[in-house]
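Chemist: Okay, handing you the structure first.
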Amino acid sequence: MPAPAKDTPITVSELAKYDGSENSPGIYVAIKGDVFDVSENTSAYGAGAGYNCFAGKDASRALGKSSLKLEDCVADYSVLTEKELETLDQWHAFFAKKYNIVGRVVPDN
């Protein structure tokens, strides 16, 4: 069971450091602005892993579209269809049951 959600501000630049690369401090994936610590799951989100494209960024659009394309790994999900928004909400709920929310994405400036 995850710990209570935190709302610590995490800038886009700070989030990018948590990309699962060799020297990254951990692995974070953000969905709808909530930052999840997925560091325990390197087999999925670590360097070279299938879902590493989501690591270190808010990948809301990609999750809603069920896409692994890097160009879809962006925070803006305003272009999603109603069905894709449902998918995005399902991913958020799945992550919330499994991983700790360690903060919220905020702009760099």
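The values are calculated or read from the model by the stated rules, or taken from the named source; none is laboratory data. Remember, predicted model here, so these are calculated numbers, not experimental data. Here Cβ is always computed from backbone atoms with ideal geometry, including for glycine, and neighbour counts include all displayed protein chains. Just so you know, the surface numbers come from the protein's heavy atoms only, side chains and all, with ligands and any DNA or RNA stripped out. Shrake-Rupley method; radii C 1.70, N 1.55, O 1.52, S 1.80 Å.
Chemist: If you plug each phi of segment 24-36 into the Karplus form 6.51 cos²θ - 1.76 cosθ + 1.60 with θ = phi - 60°, what whole-Hz ³J(HN,Hα) values come out, in order, with x for Gly and Pro?
Modeler: 6, x, x, 10, 10, 10, 9, 9, 6, x, 7, 9, 9
Chemist: What does the net charge come to around Ser13 if you take all other residues with beta carbon closer than 14 Å to its beta carbon, with K and R at +1 and D and E at -1? Provide the component values of the computation, followed by the final result.
Modeler: Numbers: positive: Lys17, Lys57; negative: Glu14, Asp19, Asp58, Asp108.
Charge balance near Ser13 sits at -2.
Chemist: Next question. Quickly rank 69-80, 35-46 as a protection proxy: mean count of other C-beta atoms within 10 Å, highest first.
Modeler: Numbers: 69-80: 13.7, 35-46: 18.8.
In descending order of packing, they fall as 35-46, 69-80.
Chemist: Quantify, in whole percent, the carbon and sulfur part of the accessible surface of the chain (1.4 Å probe; protein heavy atoms only).
Modeler: Values: 3260 of 6260 Å².
Ligands and nucleic acids excluded, carbon and sulfur give 52 percent.
Chemist: What are the residues whose amide H is under 5 Å from the amide H of Lys6, where those residues sit 5 or more places off or on another chain and H is modelled from the backbone?
Modeler: Ile101, Val102, Gly103
Chemist: Where does the charge balance sit around Lys98 when Lys and Arg score +1, Asp and Glu -1, over other residues with C-beta under 11 Å from its C-beta? Could you put the intermediate results ahead of the total?
Modeler: On the way: positive: Lys97; negative: Asp37, Glu40.
Every neighbour counted, the sum reads -1.
Chemist: Related question: In whole percent, what relative contact order does the chain give with Cα contacts below 8 Å and a gap of six or more residues? Could the numbers behind the result be given before it?
Modeler: Numbers: 228 pairs, mean separation 40.5, N = 109.
It comes to 37 percent, rounded to a whole number.
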